[in-house]
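The values are calculated or read from the model by the stated rules, or taken from the named source; none is laboratory data. Not measured: the values here are computed from a predicted model. Every residue, glycine among them, receives a Cβ derived from its backbone with ideal geometry; neighbour counts consider all protein chains shown. Note: accessible area is taken over every heavy atom of the protein model, side chains too, but ligands, DNA and RNA are not part of it. Shrake-Rupley method; radii C 1.70, N 1.55, O 1.52, S 1.80 Å.
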Amino acid sequence: MILFARGSVNDPEKVAPFVEDEMRVVGELKAEGLMKSVYRRAAGPGVLMLLEGESEDAVRARMDTLPFVAEGLMTIEYEEIYEI
């Protein structure tokens, strides 16, 4: 399953202590093949991502390990997509 995801940072001023761990987990998710691409939004804090996993629940469970998500600093909206 392929998902388009939009991550919105709720309080950008609180993310600094978690940036190093966030980048480490992003690297792990990329290495696993779950996170195919991730882009930082040009107009403000947040990210756009292409994700792939066996199910939306499985992808959500792994994405919930991101420190920004676990600390309640980022919410993610998911939408299933397919290639045409």
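Being out of contact with any helix residue (DSSP H, G or I) (no Cβ under 8 Å at 6 or more places or on another chain) and open to solvent by less than 80 Å² (accessible area, probe 1.4 Å): is that true of R6 here?
no
Please verify whether the range 8-19 includes one or more residues that are of a type outside the set (S, T, Y), more than 15 Å from E71 (Cα to Cα) and either touching a Pro at 6+ places or on another chain (Cβ under 8 Å) or not in a strand (DSSP E or B) (or both). So far as the range 8-19 goes, no, none of its residues is of a type outside the set (S, T, Y), more than 15 Å from E71 (Cα to Cα) and either touching a Pro at 6+ places or on another chain (Cβ under 8 Å) or not in a strand (DSSP E or B) (or both).
Here's a check for you: in the range 61-84, which residue that is of a type outside the set (A, V, I, L, M, F, W, C) and in contact with a Leu (Cβ under 9 Å, 6 or more places away or on another chain) is nearest to E32 (Cα to Cα)?
Only one residue fits best here, namely R62.
Within the range 21-71, the set of residues being aliphatic (A, V, I, L, M), touching a helix residue (DSSP H, G or I) at 6+ places or on another chain (Cβ under 7 Å) and part of a loop (DSSP other than H, G, I, E, B) comprises L34, L66.
Criterion applied to R41, R60 was being at pLDDT 95 or above and of a type outside the set (F, W, Y), and the one residue passing it is R60.
For the range 18-44, residues that are surrounded by 11 or more Cβ atoms within 10 Å (Cβ to Cβ) and in contact with an Asp or Glu (Cβ under 9 Å, 6 or more places away or on another chain) total 4.
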